[in-house]
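Trainee: Attaching a single structure in structure tokens format; questions to follow.
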Amino acid sequence: MSKPFSRDWLLSDAPQSRAQAAWGQRYQAWLAFRRNGLAMAGLVVVTALLVIALFAPWLATHDPGAQSLANRLARPSTAHWFGTDELGRDLWSRLVYGARITLGMVVSVVVLVAPVGLLVGCAAGYAGGMLDRLLMRVTDIFLAFPRLVLALAFVAALKPGVESAVIAIALTAWPPYARLARAETLTVRNADFIAAVRMIGASPPRIVLRHIAPVAVPSLIVRVTLDMSSFILTAAGLGFLGLGAQPPLPEWGTMIATSRRYILEQWWVPLIPGIAIFLASLAFNLIGDGLRDVLDPKQR
């Protein structure tokens, strides 16, 4: 008999339990994802960024807020790997700590919008009728405005800062997830297994949470991963416009905004955080493409 979690146990054609079947499906999905070289490259970059963000105090070579006007706008060197900014602050250290802020904002947005969009879409699709029309019209109102413009309006109504930027992005990002979850719900609402659980007396909330929502989760995961890049760009855009993270916080968009005047002479100062934004956005897009190939049944 194969040992639990061994390769033979995971790839068994006759699983002995529900857990073995579930872990077998996850392992096969991982094998399919691993065959995608670009997706693996994106996973490596995202993992590196997460490690940098988690271990920022140990990876930073200087205090990210320490100023040295005598050493301002220094070129990259052994003392300052990426040079210094207009106030003499070490760019590498600020970039490392900035990963915490930027990725933290993105993760916070995902934690807020994914469950809300999933529940709204599943509830609307399963209930139908007046509730469906009401929820979808509210969704349409949010979808009618460009995300960045609506986020700017929400931040202006609140106050500039990290928390306001997270709330503003979250308020503008949930409608596509609600639409996607509703579409997935409509495909299974009248399925035999839903009729079976309804006949044994399951309540509508239980049907939505236990039997319909899990069906929509794979598509939602793909959409969230692909949208991570837009969340990063929106957060950086708000920071660039002075409505997101405020100086002296080393957020990547804010770093570009404060150094944009030096783009011609000391080009590395705004370029380095721009490269970080580009790499993070590209990596999440590559992962999203790989997950879509694995999780989307239409791609199989």
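Trainee: If you scan the stretch 158-171, which residues turn out to be free of Cβ contacts under 8 Å to residues at least 60 places away in the same chain, in a helix (DSSP H, G or I) and not charged (D, E, K, R)? It would help to see each step written out before you state the result.
Mentor: Here is the first cut: in the stretch 158-171, the ones free of Cβ contacts under 8 Å to residues at least 60 places away in the same chain are 158-159, 163, 167, 171.
Restricting the remaining residues to those that are in a helix (DSSP H, G or I) gives 163, 167, 171.
Residues satisfying the conditions are Ile167, Leu171.
Trainee: How many residues does the stretch 230-280 contain that are within 19 Å of Ala66 (Cα to Cα) and among the polar types (S, T, N, Q)?
Mentor: Qualifying residue count for the region: 4.
Trainee: Does the stretch 247-270 hold any residues that are aliphatic (A, V, I, L, M) and farther than 15 Å from Leu233 by Cα, and which are they?
Mentor: At the first step, the residues of the stretch 247-270 found to be aliphatic (A, V, I, L, M) are 249, 255-257, 263-264, 269.
Residues satisfying the conditions are Leu249, Ile263, Leu264, Val269.
Trainee: Of the residues Ala235, Ala195, only one is exposed (fewer than 15 other Cβ atoms within 10 Å of the Cβ) and not charged (D, E, K, R); which?
Mentor: Numbers: Ala235 fails: exposed (fewer than 15 other Cβ atoms within 10 Å of the Cβ).
Only one candidate passes the filter, namely Ala195.
Trainee: Here's another thing I want to ask about it. Can you name the residue in the stretch 200-229 that is assigned to a helix (DSSP H, G or I) and polar (S, T, N, Q) and is also farthest from Val110 (Cα to Cα) among such residues? Give the steps one after another, and end with the answer.
Mentor: To start, the set of residues in the stretch 200-229 that are assigned to a helix (DSSP H, G or I) comprises 204-229.
Now narrow it down to the ones that are polar (S, T, N, Q): 219, 225, 229.
On the way: Ser219: 14, Thr225: 9, Ser229: 12 Å.
Across the stretch 200-229, the extreme among qualifying residues is Ser219.
Trainee: For the stretch 141-157: of the residues being in contact (Cβ under 8 Å) with a residue 24 or more places away in the chain and in a helix (DSSP H, G or I), which is farthest from the chain's Cα centre (by Cα)? Spell out the reasoning first.
Mentor: Residues of the stretch 141-157 in contact (Cβ under 8 Å) with a residue 24 or more places away in the chain: 142-143, 145, 147-148, 151-152, 155-156.
This time we only want the ones that are in a helix (DSSP H, G or I), so: 142-143, 147-148, 151-152, 155-156.
Working: Phe142: 20, Leu143: 19, Arg147: 15, Leu148: 16, Ala151: 17, Leu152: 20, Val155: 20, Ala156: 23 Å.
Restricting to residues being in contact (Cβ under 8 Å) with a residue 24 or more places away in the chain and in a helix (DSSP H, G or I), the top hit is Ala156.
Trainee: Checking the condition buried (at least 17 other Cβ atoms within 10 Å of the Cβ), closer than 30 Å to Arg182 by Cα and touching a residue at least 12 places away in the same chain (Cβ under 8 Å), which residue from Ala245, Ala276, Ala213 passes?
Mentor: Details: Ala245 fails: closer than 30 Å to Arg182 by Cα; Ala276 fails: closer than 30 Å to Arg182 by Cα.
Of the residues listed, the single one that is buried (at least 17 other Cβ atoms within 10 Å of the Cβ), closer than 30 Å to Arg182 by Cα and touching a residue at least 12 places away in the same chain (Cβ under 8 Å) is Ala213.
Trainee: Quick one: in the stretch 55-68, of everything that is of a type in the set (A, V, I, L, M, F, W, C) and free of Cβ contacts under 8 Å to residues at least 40 places away in the same chain, which residue is surrounded by the fewest Cβ atoms within 10 Å (Cβ to Cβ)? Let's see the steps before the verdict.
Mentor: Initial filter on the stretch 55-68 (of a type in the set (A, V, I, L, M, F, W, C)): 55-56, 58-60, 66.
With free of Cβ contacts under 8 Å to residues at least 40 places away in the same chain added as a condition, the list becomes 55, 58-60, 66.
Working: Phe55: 11, Trp58: 7, Leu59: 16, Ala60: 18, Ala66: 11.
Among them, the one singled out is Trp58.
Trainee: Being outside any helix (DSSP H, G or I) and touching a residue at least 24 places away in the same chain (Cβ under 8 Å) is the filter here, so list the residues in the stretch 185-199 that pass it. I'd like the intermediate steps shown before the answer.
Mentor: Just the residues of the stretch 185-199 that are outside any helix (DSSP H, G or I), to begin with: 189-191.
Selection gives Arg189 alone.
Trainee: Kindly indicate whether Phe82 is on the phi < 0 side of the Ramachandran plot, assigned to a helix (DSSP H, G or I), aromatic (Phe, Trp, Tyr) and under 30 Å from the mean Cα position of the chain (by Cα). Please lay out each step first, then the result.
Mentor: Numbers: on the phi < 0 side of the Ramachandran plot: yes; assigned to a helix (DSSP H, G or I): no; aromatic (Phe, Trp, Tyr): yes; under 30 Å from the mean Cα position of the chain (by Cα): yes.
When the stated conditions are applied, Phe82 does not pass them.
For (1) within 27 Å of Gln266 (Cα to Cα); (2) without any contact (Cβ under 8 Å) to a residue 24 or more places away in the chain; (3) buried (at least 24 other Cβ atoms within 10 Å of the Cβ); (4) among the β-branched types (Val, Ile, Thr), each residue gets a yes or a no:
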| position | (1), (2), (3), (4) |
| --- | --- |
| Thr78 | yes, yes, no, yes |
| Gly104 | no, no, no, no |
| Leu112 | no, no, no, no |
| Pro115 | no, yes, no, no |
| Leu119 | no, no, no, no |
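Trainee: From the set of residues in the stretch 23-43 that are of a type in the set (A, V, I, L, M), out of contact with any Phe, Trp or Tyr (no Cβ under 7 Å at 6 or more places or on another chain) and in contact (Cβ under 8 Å) with a residue 40 or more places away in the chain, which is nearest to Ser12 (Cα to Cα)?
Mentor: Of the residues in the stretch 23-43, the ones of a type in the set (A, V, I, L, M) are 29, 31-32, 38-41, 43.
Next, from what is left, pick out any that are out of contact with any Phe, Trp or Tyr (no Cβ under 7 Å at 6 or more places or on another chain): 29, 31-32, 38, 40-41, 43.
Checking which are in contact (Cβ under 8 Å) with a residue 40 or more places away in the chain leaves us with 29, 32, 38, 40-41, 43.
Details: Ala29: 14, Ala32: 16, Leu38: 29, Met40: 25, Ala41: 29, Leu43: 27 Å.
Only one residue fits best here, namely Ala29.
Just so you know, all these numbers are worked out from the coordinates, no wet-lab data involved. Note that this is a predicted model, so its numbers are computed, not measured. Positions of Cβ are generated from backbone atoms using ideal geometry, with glycine treated the same way; all protein chains shown enter the neighbour counts.
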